[in-house]
Each structure stands twice: as C-alpha cells, then as structure tokens.
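Data block below; observations after.
What follows draws every value from the coordinates through simple rules; no lab data is involved. As the structure is a prediction and not an experimental result, all values here were calculated from the model. All Cβ positions, glycine included, derive from the backbone under ideal geometry; neighbour counts span all protein chains shown.
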Amino acid sequence: MSTRENCDKVLLVQADFDGELDAQQSAALVTHRETCPYCREAWAQLSDTRNALRRGATYHSASDALRRRLDRQLAVAGMVPVVTHPRPSATGTGGLLAWWRSLVGFGLGAAVATVAVLMLIQPVPSGDIADLVMENHIRSLQPGHLVDIASNNQHNVKPWFDGKIDFAPPIKNLADQGFPLEGGRLDYLKNREIAALVYRGGQHLINVLVWPADGASEPPQLLERAGYNIIHWQEKDMTLWAISDLNTAELQNFVALWRTHP
Amino acid sequence: MHLDAAHNLARWILRDPTDAEDVVQEALLRAFSYFPSFRGTNARAWLLQIVRNAAYGALKKKRGIHLVRLGENAEEAGENAELADPADDPEVHLIRSEAQRQIDALLQQLPLELRECVILRELEELSYKEIAEIIEAPIGTVMSRLWRARRLLSKASAGASVS
C-alpha cells in the first residue's frame, strides 16, 4: 500500500538504491517510483544522505603507530596460528600470508616474510602437552599450590632450585617491566620434574613452565586452552610454556620482554 | 585495506580513539591466530565480525552499553561530538568544514545498532549479506536498521540546516 506517509515497498526501493536487486526487480521499482510520491521522496533522501556521509563523515583509518605496533608484536613474538585442533593445513600459510598482506598492506613486506618463514618451519605442537600445561596452571591456582618458594628476588629463587632438579632454569625478574617475579615451584609434568616460575601482571598470574629440551630453538607459538592463552617456545636447550588469563597482546608482550631480558 | 576498515568500525562503535586502537590490536592478533580455522570465503566480513565482538566486549566492560538517542538536544549533540573526538589531528579539525563536523556529530548520536549498519554500508560499502554476517542478524534486520538510520540522519540534517 502506498500513501504520502508510507509505502510498504520502501525497503525494496532502498535495496534498489543499494544495488542489491537484479535488473528486472530494479526496473519494476523504477516504474513504481514514478507513481509513488513517498518512494520518490525516499530515493531523493537516500541519495542526499549518502552524499553527505561519503563527503562529510570522517573515515578513521588506522594510524601508522597502530600499524607499526601490530607489525612489531607479530614479528617479535614470531606469531603463529593458534592450533586448537591440529589439522592438515588446507588454508595453508599461503592463505594466511595473503590475508595478512591484504590486512596490513605491502609496506611491511620484510616483516611479513619473516613471519611467513617462521610459520613454515613451525611444527604443530602436540596438543597433549598444552592440555597438561593448562591443567598444571589451573592446579597451581588452588590455595597453597602456587609457589614453593615465595620470593621476588631471582637470587633467592635460583639457588632454591639447585639440587632439587637436574637442570638450572633461567630465572629472570621483570619487575621493572611490570611483571614482578612472585616465586618458583617444583612441579611434575609429562613424567618429569619441571620448574615453574610465577609472575604477576597486574591482577593476573603467569606461570612459566620450564624443562630441558634437545634440538633447535623454536619461535613463540600462541595457543589457547579453555580460555587461557598459552605461548610456547624453545631456546638455549630449554622448552618454555607461558600460560595466563592475560589477554593475547599482554601475554605476547610478557614473552617478548622475557626473551629479550638478559 | 582491512586494517583501516577494522579501525574505522571500532572507532565508530566505541567513539574513543584509545579504546578503538586497543580493541583493534586485540582483535587482530586473535584473528591472526584463528585464521587457520577460518573456512569461509569472506575474510573481511569475518575479521570485522571479530572486531565488532571485541568492541562490544570493551563497551560492556567499560560502562555498559548506553545508546544515545538522536535529536534530544542539538547543543548537547554538538558537545558530545567534540568530547568524543579529542585525538583528531588539529590540522584536520581546521580544514574540516562545519557541515562535515555536523554529519560526524549526527552519526555519533545514532543508536549504536543503527550507527554500525550505516558505517558498514556507506563508509565501507559492504553488501547487506556481509553486514548481516558481521552483526550476526538476518538481512531483513539489516534492511530495517539501515532504513531507520538513514531516515533519522536525513530528518536530523534537515532540522539542523533549518535552525
């Protein structure tokens, strides 16, 4: 029904205006507009509004600072995909790379290439270790389980581990960077004794689980289990798993700081 | 470029430059991580959906979603627009005409669920199908929200130029 106040075809007129209709439907609506003053007026208003918006409304492009920050985070952390369920890579790194390029543009080619190479050589980690890490983290949050030695001085924590385990875990205090060391814990995971280092980031706790590993170093890989973010990497003959309820960006920041800390 | 689209959407949803950058950063890192499990064909819509969800999460966390109604008070509308826009380049401010400031202010005042539709359609030039995917609503909802948004904008700008 069409009157001067309303017309039940007006949403179709709008769809026509937005280029959503095929030629036949569109032609029918052109005819309709000739006889419907309401829809004729609606078309004119749609057109005015579009002109005003496209000419006047601010388009908030991403700042260069944001672009650089994202790029740096991904490159520094050697970001690779979350592997919730390992599967044959159908999309593949080519798809990811193409998408990432379309996302950040081509100005960052070198960094993008670095990320791509890291991803190509990155093996899919076995899911069961990540599950064990997650369970260990949750268990540590139970009352009385978090630390065996509570100290925010790495020079107390380090000797405490001596003689209790057959390796020397790398212990760093990141208090100056906003992640104070809370203490250490002797734990058991995957049939071996491991060292757990506990850090605090604001209201959040971070467990860094460490044990010896053979083989090459591996760049950090982000995973997620049960809402916890996990970053796994390998360096200096140690395998390391950082887990926390910190958000992705903050945990990546923590790991980047930890790795670059002397 | 998708990054610009992501930022533009977050900025128009949140109306705050710092919040928008935080949301985009978090959402993009997450999207990048999830990408291997993405099986759709439209990566831009998928990304914008993640950004939108993150933005809504941030809004909820910060102050609960409050929807400012259009045209309640024209002066207040102008003030809000200035407040919500503190980080703009001063140079941009100078060269931006009165009419442009006005259209930004009108957009800022639109209820959130209408504003995001009109941003996605008019500034990002997305199809109804893509918008429906991003806001997780049927196409019919997209059509009626777009219509309401445009009518409010059209009425408000007519009213503003008369006064």
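For peptide A:46-53, how many partner chain Cβ atoms fall within 10 Å of a residue's Cβ, on average?
Values: counts 5, 0, 5, 12, 5, 1, 10, 12.
Mean partner-chain Cβ count within 10 Å for A:46-53: 6.
Straight Cα distances below 23 angstrom link A:LYS172 to the lysines A:LYS158, A:LYS164, A:LYS236, with same-chain residues fewer than 8 positions distant left out.
For A:ALA213, the residues whose amide H sits under 5 Å from its own are A:MET238, A:THR239, ignoring neighbours fewer than 5 places away on the same chain, with H placed 1.01 Å from N.
Give me the inter-chain shielding for A:26-39: mean count of other chain Cβ atoms within 10 Å, whole number please. Please list the in-between numbers first.
Details: counts 0, 0, 0, 0, 0, 0, 0, 0, 0, 0, 0, 0, 0, 0.
Counting other chains' Cβ atoms within 10 Å and averaging over A:26-39 gives 0.
If one computes the Cα centroid of the range A:27-61 and of the range B:19-58, what distance in Å separates the two points? Comparing the Cα centres of the range A:27-61 and the range B:19-58, I get a distance of 31 Å.
Shape class for the range A:129-260: rounded, because the ratio a/c of the largest to smallest gyration tensor axis (alpha-carbon atoms, square roots of eigenvalues) is under 1.5. In straight-distance terms, cross-link reach from B:LYS60 covers every one of the lysines whose alpha-carbon lies under 28 Å from its own, apart from those fewer than eight places away in the same chain; here that gives B:LYS129. Put the Cα centre of the range B:96-163 next to the Cα centre of the range A:138-160 and the gap is 54 Å. Which lysines, if any, have their Cα less than 22 Å from the Cα of B:LYS155, not counting same-chain residues under 8 positions apart? Result set, ordered by chain and number: A:LYS9.
Each of the peptides B:47-58, B:98-109, B:19-30 was scored by the mean count of other Cβ atoms within 10 Å over its residues; in descending order, highest first, they stand as B:19-30, B:47-58, B:98-109.
Within 13 Å, Cβ to Cβ, of A:LYS158, how many net charges do the neighbouring residues add up to if Lys/Arg are +1 and Asp/Glu are -1? Kindly include the intermediate steps, with their values, before the conclusion.
Working: positive: A:LYS164, A:LYS172; negative: A:ASP162.
Net local charge, A:LYS158 excluded: +1.
Per-residue Cβ counts within 10 Å, from other chains only, averaged over A:244-253: what number is that? List each step's numbers first, then the result.
Working: counts 0, 0, 0, 5, 8, 7, 1, 1, 1, 0.
If you average over the peptide's residues, the count of other-chain Cβ atoms is 2.
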